[in-house]
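The values are calculated or read from the model by the stated rules, or taken from the named source; none is laboratory data. Since this is a predicted model, take the numbers as computed values, not measurements. Methodologically, a virtual Cβ is constructed for each residue, glycine included, from the backbone with ideal geometry; neighbour enumeration extends over all protein chains shown.
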Amino acid sequence: MSIRINLSIEQLERAKKLLYGIPNGVKSAESNAFNRGLAAGKTEANKQIRQRYAIAAGNVSKYSKVTLRRSSGGGEAAIEFSGPKIPLFKFKPS
């Protein structure tokens, strides 16, 4: 799954005007927006996992290592999941 966010030149110019008096205002706002987007993506990924599998949110967090990675240029970001195998009994078997 991927999400694409596009910024137009007009939107960037508007941000520059709004953040005129703040040092590195546009860069800081862009960085904060990326981080919020990555955090929201991580939350949504956890929801999707729990919809498909009968597992508690705490177990998803406990057994997964989530890497929030963005490129240095600020153009791309990724959420990567990895970790050990989750024991079967954690999946609420019945």
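Kindly list, by first and then second residue, each pair from a residue in segment 1-24 that is under 23 Å from R70 (Cβ atoms) to a residue that is surrounded by 10 or more Cβ atoms within 10 Å (Cβ to Cβ) and at pLDDT 85 or above, limited to pairs with Cβ atoms under 6 Å and residues at least 6 apart or on different chains. Listed pairs, sorted by first residue: L19/G25. A residue that is on the phi < 0 side of the Ramachandran plot, modelled with pLDDT of 80 or more and among the aromatic types (F, W, Y) cannot be found anywhere in segment 24-46.
Among the residues of segment 1-24, those identified as surrounded by 10 or more Cβ atoms within 10 Å (Cβ to Cβ), of a type in the set (A, V, I, L, M, F, W, C) and in a helix (DSSP H, G or I) are L12, A15, L18.
Mind listing whichever residues of segment 30-55 are farther than 30 Å from R14 by Cβ and either β-branched (V, I, T) or surrounded by 13 or more Cβ atoms within 10 Å (Cβ to Cβ) (or both)? A45, N46, I49, R50, Y53, I55, listed by residue number. Among the residues making up segment 25-59, those that are hydrophobic (A, V, I, L, M, F, W, C), in contact (Cβ under 8 Å) with a residue 24 or more places away in the chain and assigned to a helix (DSSP H, G or I) are F34, L38, A39, A45.
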